[in-house]
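First the structure, in the form of structure tokens, and then the observations on it.
Each value in this text was obtained by applying a stated rule to the coordinates, not by laboratory testing. Everything numeric in this text was worked out from a predicted model, so none of it was measured. Every residue, glycine as well, gets a Cβ built from its backbone with ideal geometry; the counts of neighbours run over all protein chains shown.
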Amino acid sequence: MEAVTEWELVGRVVLAAALGYLIGLERELTGQPAGERTHALVALGAAGFALISGSAFPGGDTARVAAGVVTGLGFLGAGMILKKRGEGVQGLTTAAGIWAVGAMGLGIGAGMYLLGITTAALVGLIVASESAELGREIGPLAGQHRDGRPRGGQPLRLGRCQSADWLE
């Protein structure tokens with residue numbers, strides 16, 4: 001096994017955080033609860049735990065650390081899922097995105113750059129496709145409440161939700 005320099009370890013953490021930030025930026029621009037900082041921190045933390053478990057404890061059980069990260073992110077994601085009366089469940093995509101960003105961070109932290117970057121690209125495409133669908137669904141309804149009453153104020157701009165007032 002070839003020795004890894006500290007600069008490469010730093011590069012892994014920076015790459016994971018940058019990719020997490022980009023995914024979170026899309027979520028932030030569409031008004032979702034977990035934005036760029038949350039996604040960047042999850043990716044950075046996952047990469048950091050992968051690096052620490054592999055570098056600081058050679059010969060240790062790195063699978064336990066990965067399992068701990070997955071479990072912790074499951075709890076974090078569970079806190080983002082809400083069930084509202086009459087509106088169904090909200091936050092599933094955000095929770096799944098956090099979980100997937102954690103997987104990306106673990107992969108990059110472990111030195112699996114191609115897998116991590118591919119995961120980030122796929123997560124980005126999936127959440128961006130959700131935003132595009134949301135814009136198409138809301139567009140005709142932007143000037144009215146869900147029950148059909150006209151809404152006062154500015155119509156919703158497609159693609160860049162600054163608030164969630166359309167959920168009323």
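Distance from the Cα centroid of the stretch 31-50 to that of the stretch 75-135 is 10 Å (rounded to whole angstrom).
Applying 1/(1 + (r/R0)^6) with R0 = 35 Å to the Cβ-Cβ distance of residue 85 and residue 115, what FRET efficiency is obtained, to the nearest 0.05? Write out the running numbers ahead of the final one.
Details: r = 41 Å, r/R0 = 1.17.
Between residue 85 and residue 115 the formula returns 0.30.
Test of understanding: ordering 104, 112, 80 by Cβ neighbours within 10 Å, fewest first, what list do you get?
Numbers: 104 30, 112 16, 80 19.
Ranking 104, 112, 80 by Cβ neighbours within 10 Å, fewest first, gives 112, 80, 104.
Among 113, 21, sorting on how many other beta-carbon atoms sit within 10 Å of each Cβ, with the fewest leading, yields 113, 21.
3J(HN,Hα) along the stretch 42-51, derived from phi through the Karplus expression 6.51 cos²θ - 1.76 cosθ + 1.60 where θ = phi - 60°, amounts to 5, 5, 4, x, 5, 5, x, 5, 4, 5 Hz, with x in place of Gly and Pro.
Just to verify a number: FRET efficiency for residue 7 and residue 29, C-beta to C-beta distance, R0 = 30 Å, to 0.05? Let's see the in-between values first.
Numbers: r = 32 Å, r/R0 = 1.08.
Once the sixth-power term is evaluated, E becomes 0.40.
Each of 12, 37, 64, 85 has some number of other Cβ atoms within 10 Å of its Cβ, and from fewest to most they run 85, 64, 37, 12.
What you get for the stretch 6-135, charging only the Cβ of Lys and Arg (+1) and of Asp and Glu (-1), is a dipole of about 360 debye around the Cα centre.
Here's how it looks for residue 112: its modeled amide H is under 5 Å from none belonging to a residue 5 or more places away or on a different chain.
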